[in-house]
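The block underneath contains the structure these notes are about, expressed in structure tokens.
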Amino acid sequence: MTRTDSDTWDLASSVGATATMVATARALATKEAEPLIQDPYADPLVRAVGVDFFIRLLDGQVDLTGDVGTTAAMMTTLMAVRTKFFDDFFVSATDAGIRQAVILASGLDSRAYRLPWPDGTVVYEIDQPEVIAAKTGTMAQIGAAPTCERRTVAIDLREDWPAALRAAGFDPSAPTAWIAEGLLIYLPPEAQDKLFDNITALSAPGSRLATEFHTDHGAGMAQRGAAMSERWRGAGLDLNLTDLWYQGDRTSVVEHLDAAGWNTTARPRLEVFAEYGRPLAETEDTAALRNSLSVTAIKN
Ligand code: SAM
């Protein structure tokens, strides 16, 4: 299925299924012997979506010998490190006094329910309506309560989400911590630029931002995605990741943010893996990560 300008999805289809895929990896990472992250909600959230392949992965019923196992292990490590990076970003932002956060493309992210937000912190989650509704419903059903004041904004990020965010109570005069995790490749290049322009316009001085950027414009990811999709298909999941990603040249997030008045820091993601005690061998499977940056920025 190729993308269109106004396509929509739930958590079992198209781009929405990628949210379930990464939550599956977080659930698996949580169950590791020496886990880097604790996301107790990932497992029930994935089960509630009901995609057979992901549930079988959680239950250890997918044959993990060979390439499928390599891909599952790689994705689990990738998500453990990525989750920890963004968890740490929020903890550091709130330690610095920030009390307003925005999770762009929140998917099955459970941070509003599991991070130790200081009293008075408001966390906004933005994603497509069906995604927001399904997660909110499952969390209520399992009796999970937010650890912050959670406010949802059910809108497509290609629409006028700043207006919807303000309507939900967002205060542009207060410094904000923003994350865009696992999002950019699902946006056309011009929508990515607009996203960061909108974030900049809504960010008081001292605001912070964390995201990831592929310096090869996603070419390595596309290659890895194609190989991964092929392996998953053989094991029972029909999800063609490369059909869902927008490829081709896009603006460097680092240059864009620097030019827009942010003080930006970018680190190769392999360095972040090593820092968290999950060093990755330089194999074909990890090649795409060598061109990938973990980015944080502070608004001047
Ligand atoms: N950030 C979450 C995480 O890391 O667990 C979810 C990542 S998932 C790979 C991609 C998410 O981006 C999905 O939840 C999807 O609904 C959301 N997304 C992609 N394009 C979007 C758009 N145009 N508007 C709203 N949400 C979008």
* **Some residue of segment 266-288 being in a strand (DSSP E or B), touching a residue at least 12 places away in the same chain (Cβ under 8 Å) and more than 18 Å from Leu183 (Cβ to Cβ)** => yes
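Residues checked against (1) in contact with a Phe, Trp or Tyr (Cβ under 8 Å, 6 or more places away or on another chain); (2) outside any loop (DSSP other than H, G, I, E, B):
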{"site": "Leu165", "(1), (2)": "yes, yes"}
{"site": "Gly182", "(1), (2)": "no, no"}
{"site": "Gln192", "(1), (2)": "no, yes"}
{"site": "Ile199", "(1), (2)": "yes, yes"}
{"site": "Pro205", "(1), (2)": "no, no"}
* **Given (1) within 14 Å of the ligand (Cβ to nearest atom); (2) within 19 Å of Leu78 (Cα to Cα), number of the condition Leu187 does not satisfy** => (2)
* Structure fact -> Residues of segment 19-36 being charged (D, E, K, R) and more than 16 Å from the ligand (Cβ to nearest atom), in sequence order, are Lys31, Glu32, Glu34
* Structure fact -> Given the conditions (1) within 10 Å of the ligand (Cβ to nearest atom); (2) over 29 Å from Arg250 (Cα atoms), every one holds for Met139 apart from (1)
* Sole residue being in contact (Cβ under 8 Å) with a residue 40 or more places away in the chain, among the small types (Gly, Ala, Ser), over 24 Å from Gly206 (Cα atoms) and not in a helix (DSSP H, G or I), chosen from Gly169, Gly107, Gly143 -> Gly107
* Thr136 passes all but one of (1) surrounded by fewer than 22 Cβ atoms within 10 Å (Cβ to Cβ); (2) hydroxyl-bearing (Ser, Thr, Tyr); (3) touching a Leu at 6+ places or on another chain (Cβ under 7 Å); (4) not in a loop (DSSP other than H, G, I, E, B); which number fails? -> (3)
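When you look at Pro268, is it under 26 Å from Asp88 (Cα atoms) and loosely packed, with under 15 Cβ neighbours inside 10 Å, yes or no?
Details: under 26 Å from Asp88 (Cα atoms): yes; loosely packed, with under 15 Cβ neighbours inside 10 Å: no.
No: the conditions fail for Pro268.
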* Subset of segment 52-91 [among the aliphatic types (A, V, I, L, M), in contact (Cβ under 8 Å) with a residue 40 or more places away in the chain and outside any helix (DSSP H, G or I)] -> Val62
* Structure fact -> Within segment 1-47, residues being more than 17 Å from Gln128 (Cβ to Cβ) and touching a residue at least 24 places away in the same chain (Cβ under 8 Å) number 18
* Structure fact -> If we ask which residues in segment 157-183 are surrounded by 14 or more Cβ atoms within 10 Å (Cβ to Cβ), more than 8 Å from the ligand (Cβ to nearest atom) and either farther than 15 Å from Val102 by Cβ or hydroxyl-bearing (Ser, Thr, Tyr) (or both), their number turns out to be 1
* Identify, from the list Ala80, Ala93, the residue that is at pLDDT 95 or above and touching a strand residue (DSSP E or B) at 6+ places or on another chain (Cβ under 6 Å). => Ala93
* If you scan segment 220-259, which residues turn out to be more than 30 Å from Ile55 (Cα to Cα) and not in a loop (DSSP other than H, G, I, E, B)? -> Val253, Val254, Glu255, His256, Leu257, Asp258, Ala259
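Residues Ala191, Ala133: which one is free of Cβ contacts under 8 Å to residues at least 24 places away in the same chain and not acidic (Asp, Glu)? Working first, answer last.
On the way: Ala191 fails: free of Cβ contacts under 8 Å to residues at least 24 places away in the same chain.
From the options Ala191, Ala133, the qualifying one is Ala133.
Before we move on, is Asp5 part of a helix (DSSP H, G or I) and within 14 Å of the ligand (Cβ to nearest atom)? Outline the logic, then answer.
Working: part of a helix (DSSP H, G or I): no; within 14 Å of the ligand (Cβ to nearest atom): yes.
No, not satisfied.
Got at least one residue in segment 121-133 being within 16 Å of the ligand (Cβ to nearest atom), assigned to a loop (DSSP other than H, G, I, E, B), of a type outside the set (Val, Ile, Thr) and at pLDDT 95 or above? Talk me through it step by step, then tell me what you get.
Step one: of segment 121-133, the residues within 16 Å of the ligand (Cβ to nearest atom) are 123-133.
When the remaining residues are screened for being assigned to a loop (DSSP other than H, G, I, E, B), the result is 128.
Adding the requirement that they be of a type outside the set (Val, Ile, Thr) leaves 128.
Subset that is at pLDDT 95 or above: 128.
Within segment 121-133 (the criterion being within 16 Å of the ligand (Cβ to nearest atom), assigned to a loop (DSSP other than H, G, I, E, B), of a type outside the set (Val, Ile, Thr) and at pLDDT 95 or above), the answer is yes, since at least one residue qualifies.
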* Asked: Does Ser229 satisfy being within 26 Å of Trp9 (Cβ to Cβ) and either touching a Gly at 6+ places or on another chain (Cβ under 9 Å) or of a type in the set (A, V, I, L, M) (or both)?
  -> no
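The values are calculated or read from the model by the stated rules, or taken from the named source; none is laboratory data. Keep in mind that what you see is a predicted model, and the values were worked out from it rather than measured. A quick note on method: Cβ atoms are made from the backbone with ideal geometry, for glycine too, and the neighbour counts reach across all protein chains shown.
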